[in-house]
Amino acid sequence: MSEIQNYSPLLDLVSEIVSAHVSNNQTDPATIPALIKDVSKLLKRLTSRRASLKSSSRLCPSSVRFSRTISSALKMVKS
């Protein structure tokens, strides 16, 4: 029961991203826990920035930086 209460929607994204990276890149198994931690931190940071941007109704330079950050993060994970 406690597992369900601790569920985070980001967990699915983290597992998909890490799985894709490990499947497409030669990865030392010892580095996978750090990779999971880094991807999790990045997604948490991006979603918290996104929530703060939603409160703003107009496009501003920070939202442009946010979209670039997402693009850069996805490129980093893909490579």
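Condition first: in contact with a Ser or Thr (Cβ under 9 Å, 6 or more places away or on another chain), of a type in the set (A, V, I, L, M) and modelled with pLDDT under 80. Now tell me which residues in segment 24-59 satisfy that.
Leu53
Would you be able to tell me the number of residues in segment 5-23 that are of a type in the set (S, T, N, Q) and modelled with pLDDT under 85?
Start the filter on segment 5-23 by keeping residues that are of a type in the set (S, T, N, Q), which leaves 5-6, 8, 15, 19, 23.
Those still in the list that are modelled with pLDDT under 85 too: 5-6, 8.
Count: 3.
Filter segment 12-23 for residues that are touching a residue at least 24 places away in the same chain (Cβ under 8 Å) and within 11 Å of the chain's Cα centre (by Cα) and give the result.
Residues of segment 12-23 that are touching a residue at least 24 places away in the same chain (Cβ under 8 Å), as a first pass: 13-14, 17, 20-21.
Hits for segment 12-23 are Leu13, Val14, Ile17.
The values are calculated or read from the model by the stated rules, or taken from the named source; none is laboratory data. Just so we're clear, the structure is a prediction, and the values are computed from it rather than from any experiment. Cβ coordinates were reconstructed from backbone atoms using ideal geometry, including for glycine residues, and neighbour counts include every protein chain displayed.
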